Amino acid sequence: AKQQGRNNFQFFALDMTSEADRRSTLERRLTQAIEEDRLSLAYQPKIRVDSGEVSGVEALLRWHDEELGQVTPDEIIPVAEDCGLILPLGAWVLRTACRFSSEWLKESGEPLPVAVNISAIQLNHRGFVATIEAALAESELPPHLLELELTESTLVQNPDRALEVLSTLRNMGVLLSIDDFGTGYSNLTQLKYLPVDRLKIDRTFMQGVVDCEQDAAIVQAVISLARCLGLHIIAEGVESEEQLAFIRQLQGHEYQGYLFSKPVPAEELKALLAKGHLV
Ligand code: C2E
Ligand code: CA
Ligand code: CA
Ligand code: CA
């Protein structure tokens, strides 16, 4: 047992070292990637449940690094938040997404609302509203074509600040969504006073709606609650026709998921839209 214990400790120590190594490598490579403009965005369509048309897209961060390979946003974002890179990174995402939607509007004459994920650190930073204004001005994107996705935990972290910033953005015409709804234990009273337009039901609940009664009940309750609050409902992570049928039956407004399309590079999305999926 003693021998075993020592081995375990060694493994543990090794693991810690390699994890710390990976983090510092990530930090160094990410700093470079931002400077050299080597990040990209993938766009995932949002589909109207009633008509099957594309109603907008969500921009999702993608990074392929020569040394590290493909690095997922779930790994990038926490590192960027810890080392202060989230502000330049977040500003880059906003500028790029706004430019994409604006170019599509100019090229096709069709509006394509774009949604961008926002970290708590961005929302709580003094320059946040100015960053949004700059991205809109620079791209000449009408504000109602930009949607910001904020998680419940981001919104309840500093509710007074969130209310102030969201009110300002709402007045500018920007759309606001609560992301990953149902995972954050948010206080419903707080949500009631926040000027948000839309609510995204987390993928983890959608996974179970077909064969887990509890998940089905949660999604049903969330949708009726959202309806009472006058919110637009989007279901995330819809992978099967059965899941879509469930959302349709409950009169959810939009869905996103592999059933229709994975997040794809800008050019691929344009080709998809050109095939006539747009309103
Ligand atoms: P999220 O905002 O909840 O985004 C949805 C995630 O689910 C995306 O993962 C998307 O690729 C994935 N997804 C979409 N449809 C399906 C489906 O049908 N099945 C399954 N299994 N997955 C699906 P991704 O792109 O890896 O992003 C993960 C998370 O990283 C995002 O979760 C978001 O919280 C964060 N993130 C991504 N890009 C950004 C960004 O630019 N800024 C910030 N702050 N966070 C970002
Ligand atoms: Ca999101
Ligand atoms: Ca989400
Ligand atoms: Ca999520």
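The values are calculated or read from the model by the stated rules, or taken from the named source; none is laboratory data. Note that the structure is a prediction, hence the values are computed from the model and not measured. The area values use the complete protein model at the heavy-atom level, side chains included, leaving out ligands, DNA and RNA. Shrake-Rupley method; radii C 1.70, N 1.55, O 1.52, S 1.80 Å.
The figures follow:
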{"read-out": "DSSP beta bridge pairing in the chain, given as percent antiparallel to the nearest 5", "value": "40"}
{"read-out": "Using alpha carbons only: equivalent-ellipsoid semi-axes of the range 27-69, gyration tensor based, whole Å", "value": "33, 9, 6"}
{"read-out": "Percent of Cα-Cα distances greater than 34 Å, calculated over the chain", "value": "24"}
{"read-out": "Ellipticity estimate at 222 nm from DSSP helix runs (n ≥ 4, -39,500 (n - 2.57)) divided over the chain, nearest 500", "value": "-17000 deg cm²/dmol"}
{"read-out": "For the range 60-175, share of DSSP beta bridges that run antiparallel, in % to the nearest 5", "value": "40"}
{"read-out": "The chain - percent of accessible surface contributed by carbon and sulfur, probe 1.4 Å", "value": "51"}
{"read-out": "Mean accessible surface per residue for the chain, computed with a 1.4 Å probe while every protein chain stays in place, in Å²", "value": "51"}
{"read-out": "Relative contact order, percent, the range 93-143 [alpha-carbon distance under 8 Å, six or more residues apart]", "value": "50"}
{"read-out": "Percent RCO, i.e. relative contact order, over the range 132-279, from Cα pairs under 8 Å lying at least 6 residues apart", "value": "16"}
{"read-out": "With DNA, RNA and ligands ignored, accessible area of residue 219 (1.4 Å probe; Å², nearest 10)", "value": "0"}
{"read-out": "Spatially close lysines, pair count over the chain: Cα under 28 Å, gap of eight or more or interchain", "value": "15"}
{"read-out": "Overall Cα dimensions of the range 128-170 - principal axes, largest extent first, Å", "value": "32, 16, 14"}
{"read-out": "Rounded if a/c under 1.5, otherwise prolate or oblate - the range 60-215, Cα gyration tensor axes", "value": "rounded"}
{"read-out": "Estimated D of the range 233-279 in µm² per second, where Rh is the Kirkwood radius over Cα pairs and Stokes-Einstein applies at 25 °C, 0.890 mPa s", "value": "210"}
{"read-out": "Heavy atoms of residue 37 accessible to a 1.4 Å probe, total area in Å² rounded to 10", "value": "100"}
